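What follows is a set of notes on a single structure, which appears directly below.
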Amino acid sequence: YLKHHLKDDEGRVTFGDAHLDWCRAARHWIRQPAGPGENRHAYIAPRNMGKSTWWFLILPTWAAAHGHVRFAAAFAMAAGPAQTHLATFKREIDTNALLRRDYPKLCTAAKRPSGTNIADTQSMYMAESGFVFAARGIDSSNLGMKVGEQRPDLILCDDIEPDESSYGPELARKRRTTLVDAILPLNVYARVVIS
């Protein structure tokens, strides 16, 4: 479904040990966690390894299509990069003929009785299937994020820290506090991936 996102500049698709590890980790999303903080992972890899493509597009799309995940909340250092991940996902569900054919309820925005979309914005998408994808900056007001009774069951964090030139011990402490006190408590049972 998303092979075109995996091609390098020469049109080749490569698959390394890290990619296999990521797929194995996401496979655990099939079962609901039995306890708090059970499914939390952090990945560090060089640029151009495909971290964002795998963790913010391919694996959430797979999990949403099969109903393994109902609410993905994506965070980045600022709202813009997180919204870019959501925009990439939305472009696929809008234009990918295979996805649209096989998973029409994922690829169709949920509607109100009046016929207008419930949520199809830069910061949130709600599918007819019930899947929700929200995109926020790490320092945005995220406490209590939920849609109806649904809280995020997949929390994704991508480059939530600035580059070294604008980062110091005090900002690192504040970022850790935000992660531990505001983001992770959105749902202590959520699957969490920090890349």
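Residues in segment 34-56 that are surrounded by 10 or more Cβ atoms within 10 Å (Cβ to Cβ), at pLDDT 90 or above and over 24 Å from Asn96 (Cβ atoms): Pro36, Gly37, Glu38, Asn39, Arg40, His41, Tyr43.
Looking only at residues of segment 131-148 that are surrounded by fewer than 22 Cβ atoms within 10 Å (Cβ to Cβ) and farther than 18 Å from Leu184 by Cβ, we find that the one that is modelled with the highest pLDDT is Val147.
Can you find, within segment 57-67, the residue that is surrounded by the most Cβ atoms within 10 Å (Cβ to Cβ) among those that are over 10 Å from the mean Cα position of the chain (by Cα) and among the hydrophobic types (A, V, I, L, M, F, W, C)? Only one residue tops the list, namely Ala64. Does segment 108-130 contain at least one residue that is surrounded by 12 or more Cβ atoms within 10 Å (Cβ to Cβ), under 19 Å from the mean Cα position of the chain (by Cα), of a type in the set (D, E, K, R) and more than 18 Å from Ala63 (Cβ to Cβ)? Yes, that holds for at least one residue. Scanning segment 155-195 for residues that are among the acidic types (Asp, Glu) and part of a helix (DSSP H, G or I) yields Glu164, Glu170, Asp181.
The values are calculated or read from the model by the stated rules, or taken from the named source; none is laboratory data. Everything numeric in this text was worked out from a predicted model, so none of it was measured. Glycine gets a Cβ as well: all are built from the backbone with ideal geometry, and neighbour counts include every protein chain shown.
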